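Since the structure comes first, as structure tokens, the remarks are kept for the end.
The values are calculated or read from the model by the stated rules, or taken from the named source; none is laboratory data. It should be emphasised that the depicted structure is a prediction, and the values quoted were computed from it without experimental measurement. FYI the Cβ positions are ideal-geometry reconstructions off the backbone, even for glycines, and counts take in every protein chain you see. The protein model used for the area step is the full one, side chains on, heavy atoms only, and it has no ligands, DNA or RNA in it. Shrake-Rupley method; radii C 1.70, N 1.55, O 1.52, S 1.80 Å.
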Amino acid sequence: MNKKPKSAVGIDDIAVAVPKLFISTLGEFAQARGIEPGKLARGIGVEKMAVPDVHEDAATMAASSILELIQKNDISPQEVGRIYIGTESGVDEAKAIGTYVMGMLERIFGPGSFQECSTVEFKSACIAATHALENAAYWLRAEDGDFNATGSGECERVGIVVATDVARYELNSPAEYTQGAGSVALLVKRDPRLLALDPVMGVFTRDENDFFRPIGMKCAVVNGRYSNLCYLAAMEGAFSSYKKKALVRGMIRLAGGECITDHLDQIIFHIPYPRMAEYAAASIFRREWRGLPRWRKIEEEIGPEPGEEDFSGSKEHPSNEADYKRRFSKSAQFLGAYERKVRPSTLVSSVVGNIYTGSIYLGLASLLEQNLLVPGMRIGLGSYGSGCSAAFFSGTVQAGVGSTARGDLLKRLDERVEIGLADYQLLHQGERNESVIPPSGEFALLEIGRDGYRHYDLVG
Ligand code: HMG
């Protein structure tokens with residue numbers, strides 16, 4: 001029997017939902033916390049953080065991003081075979097958040113319209129949506145086409161992957177200025193218009209206590225600076241695994257003097273805050289460039305790398321290494337590559353903050369908004385989830401990218417409403433009963449019943 005040729009699978013379109021409220025990190029907030037605003041703007045890279053209102057949570061944001069995706073692509077609910085949701089801000093310990101989301105969407109599309117769609121919640125800190133995407137792609141690639149079809153064979157089914165989270169840390173902690181909230185919905189299809197996923201994913205996983213949120217706790221427990229180290233170690237591991245697989249499969253062929261990053265036109269790293277993507281880029285570029293002819297230029301600028309043999313006592317090495325790391329991250333070659341290939345993905349995150357598992361896909365939205373996705377480009381994606389796990393994968397921008405219906409994300413971000421420190425703190429602590437902006441034309445959490453069931457509706 002002849003096998004059908006495999007079609008490309010990947011991301012066809014993207015929609016983003018963020019709360020209407022934000023707090024500026026640079027004014028009253030910085031003053032109240034006794035922090036130099038320059039540290040937050042440049043040292044962290046976050047100028048505004050999205051703040052969910054009383055009626056918003058991970059489920060309402062997910063429903064909003066899916067609704068935008070469905071409406072702008074004119075999809076009928078019957079076409080959607082899977083809604084996979086990556087979140088670490090789940091609203092129930094048992095019931096899938098996707099069922100609440102479908103309940104909200106059915107207020108618009110009619111009762112039962114999503115009944116032939118299955119939904120699963122993926123939890124793996126910030127890497128969850130990446131594994132949801134991987135699984136949605138597996139589902140679409142399943143060779144038994146009939147299994148995925150509607151039965152009548154009339155319409156091809158699509159998957160939706162949603163990342164939705166509220167990043168919340170303790171008030172007055174050093175993690176406080178890396179909060180945020182939002183949702184990103186990805187339309188996952190065969191023959192996608194935006195990004196066809198390459199068949200290679202490098203992964204790295206190990207048990208770590210860098211960041212976690214025990215059951216019942218509202219804020220994450222975080223060992224901040226250690227979490228940066230875990231992120232970098234895991235990203236290096238995942239990148240090495242990707243590199244090995246990409247070379248063995250012949251997916252990337254290196255000419256003399258080339259390295260893998262030369263074959264990636266843009267690289268989107270997980271963005272808990274923009275500077276972290278810069279640290280990740282420095283660590284990957286340094287590893288990749290070392291030993292290549294271009295390394296001579298870097299040595300001319302910042303001197304040779306410290307080696308163990310250069311030191312009499314082993315204790316000296318770490319500080320020399322930290323110093324060299326800093327010098328590399330200030331080198332002209334690195335800064336040039338970072339500005340070109342990595343920084344553009346951090347645009348939206350700098351005014352939204354960390355949205356945990358959606359942050360990397362907010363990076364993709366940033367590239368799309370700036371018209372930086374050109375057909376034929378290969379985009380690298382480095383996903384990280386605390387606890388910890390990283391995945392590095394890639395995709396090729398498709399010819400149809402120009403035909404995706406553009407949202408108005410940057411305009412919507414500009415139109416948000418700034419709140420002051422007092423409202424932000426009340427919302428953070430769950431101490432405000434009334435919404436700052438009463439919901440209008442949007443999904444809202446109306447009440448939590450005595451039994452814990454959450455009542456949502458589309459509010460006119
Ligand atoms: P901190 O104590 O503010 O860090 O904590 P810092 O004092 O090292 O300062 C950061 C940078 O600001 C430094 O830059 C300073 O020099 C600079 P660098 O030296 O590294 O180049 N700086 C200034 N720059 C300009 N003007 C100034 C100035 N002063 C200082 N005046 C930290 C930062 C991120 C650790 C903290 O906010 C935190 O704990 N955040 C939460 C944890 C986090 O986001 N970790 C990231 C990695 S883990 C991850 O990504 C997973 C996660 O998303 C969760 C999940 O997976 O679910 C968090």
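Checking the structure you have, find out if any residue of segment 196-218 is hydrophobic (A, V, I, L, M, F, W, C) and more than 20 Å from the chain's Cα centre (by Cα). Give the steps one after another, and end with the answer.
Just the residues of segment 196-218 that are hydrophobic (A, V, I, L, M, F, W, C), to begin with: 196-197, 200-201, 203-204, 211-212, 215, 217.
Restricting the remaining residues to those that are more than 20 Å from the chain's Cα centre (by Cα) gives 215, 217.
Yes: one or more hits.
Please count how many residues of segment 382-431 are polar (S, T, N, Q) and closer than 30 Å to Asn209 by Cβ. It would help to see each step written out before you state the result.
Taking segment 382-431 and keeping what is polar (S, T, N, Q), we get 383, 386, 389, 394, 396, 398, 403-404, 425, 429.
Cutting the leftovers down to closer than 30 Å to Asn209 by Cβ gives us 383, 386, 389, 425, 429.
Number of matching residues: 5.
Can you say whether Ala332 is in contact (Cβ under 8 Å) with a residue 24 or more places away in the chain, more than 26 Å from Gly202 (Cα to Cα) and either more than 16 Å from the ligand (Cβ to nearest atom) or buried (at least 22 other Cβ atoms within 10 Å of the Cβ) (or both), as far as the supplied structure shows?
On the way: in contact (Cβ under 8 Å) with a residue 24 or more places away in the chain: yes; more than 26 Å from Gly202 (Cα to Cα): yes; either more than 16 Å from the ligand (Cβ to nearest atom) or buried (at least 22 other Cβ atoms within 10 Å of the Cβ) (or both): yes.
Against the criterion (in contact (Cβ under 8 Å) with a residue 24 or more places away in the chain, more than 26 Å from Gly202 (Cα to Cα) and either more than 16 Å from the ligand (Cβ to nearest atom) or buried (at least 22 other Cβ atoms within 10 Å of the Cβ) (or both)), Ala332 qualifies.
Have a look at Arg406, Arg340 and point out the one that is on the phi < 0 side of the Ramachandran plot and either open to solvent by less than 10 Å² (accessible area, probe 1.4 Å) or at pLDDT 95 or above (or both).
On the way: Arg406 fails: either open to solvent by less than 10 Å² (accessible area, probe 1.4 Å) or at pLDDT 95 or above (or both).
Going through Arg406, Arg340 in turn, just one is on the phi < 0 side of the Ramachandran plot and either open to solvent by less than 10 Å² (accessible area, probe 1.4 Å) or at pLDDT 95 or above (or both): Arg340.
List the number of the failed condition for Ala196; all other conditions in (1) closer than 30 Å to Glu56 by Cα; (2) of a type in the set (Gly, Ala, Ser); (3) open to solvent by less than 40 Å² (accessible area, probe 1.4 Å) hold.
(1)
Report the residue count in segment 159-179 for those that are of a type in the set (Val, Ile, Thr) and open to solvent by 10 Å² or more (accessible area, probe 1.4 Å). Steps first, answer last, please.
So the first thing to find is which residues in segment 159-179 are of a type in the set (Val, Ile, Thr), and the list is 160-162, 164, 166, 178.
Right, trim to open to solvent by 10 Å² or more (accessible area, probe 1.4 Å) and you get 166, 178.
Counting residues in segment 159-179 that are of a type in the set (Val, Ile, Thr) and open to solvent by 10 Å² or more (accessible area, probe 1.4 Å) gives 2.
Give the number of residues within segment 144-190 that are at pLDDT below 95 and polar (S, T, N, Q).
Count: 3.
If we keep just the residues of segment 392-403 that are assigned to a helix (DSSP H, G or I) and open to solvent by 40 Å² or more (accessible area, probe 1.4 Å), which is modelled with the highest pLDDT?
Step one: list which residues in segment 392-403 are assigned to a helix (DSSP H, G or I), which gives 399-403.
Next cut, open to solvent by 40 Å² or more (accessible area, probe 1.4 Å) only: 399, 402-403.
Working: Ala399: 96, Gly402: 91, Ser403: 89.
The selected residue is Ala399.
Tell me, please, whether a residue that is surrounded by 20 or more Cβ atoms within 10 Å (Cβ to Cβ), farther than 22 Å from Gln179 by Cα and touching a Ser or Thr at 6+ places or on another chain (Cβ under 7 Å) can be found in segment 238-261.
The answer is no; no qualifying residue exists.
If I ask for residues that are among the aromatic types (Phe, Trp, Tyr), part of a helix (DSSP H, G or I) and within 14 Å of the ligand (Cβ to nearest atom), which ones from segment 198-239 would you list? Give the derivation first.
Our first condition is that a residue be among the aromatic types (Phe, Trp, Tyr); within segment 198-239, this holds for 204, 211-212, 226, 231, 239.
Next, from what is left, pick out any that are part of a helix (DSSP H, G or I): 226, 231, 239.
Listed by number, the residues that qualify are Tyr226, Tyr231.
Checking Asp53 against (1) out of contact with any Gly (no Cβ under 9 Å at 6 or more places or on another chain); (2) within 16 Å of the ligand (Cβ to nearest atom), which test does it fail?
(2)
Let me confirm something: among Gly387, Gly380, which residue is under 17 Å from the mean Cα position of the chain (by Cα), at pLDDT 95 or above and assigned to a loop (DSSP other than H, G, I, E, B)? Lay out the reasoning, then the answer.
Details: Gly380 fails: assigned to a loop (DSSP other than H, G, I, E, B).
Selected residue: Gly387, the only one of Gly387, Gly380 that is under 17 Å from the mean Cα position of the chain (by Cα), at pLDDT 95 or above and assigned to a loop (DSSP other than H, G, I, E, B).
Residue check: is Gly353 within 16 Å of the ligand (Cβ to nearest atom), open to solvent by 10 Å² or more (accessible area, probe 1.4 Å) and under 25 Å from Ser124 (Cβ atoms)? Outline the logic, then answer.
Values: within 16 Å of the ligand (Cβ to nearest atom): yes; open to solvent by 10 Å² or more (accessible area, probe 1.4 Å): no; under 25 Å from Ser124 (Cβ atoms): yes.
When the stated conditions are applied, Gly353 does not pass them.
Test Ile271 against the criterion of being more than 25 Å from Pro344 (Cα to Cα), outside any helix (DSSP H, G or I) and in contact (Cβ under 8 Å) with a residue 24 or more places away in the chain, and give yes or no. Step through it out loud before you land on a result.
Details: more than 25 Å from Pro344 (Cα to Cα): no; outside any helix (DSSP H, G or I): yes; in contact (Cβ under 8 Å) with a residue 24 or more places away in the chain: yes.
In short, no.
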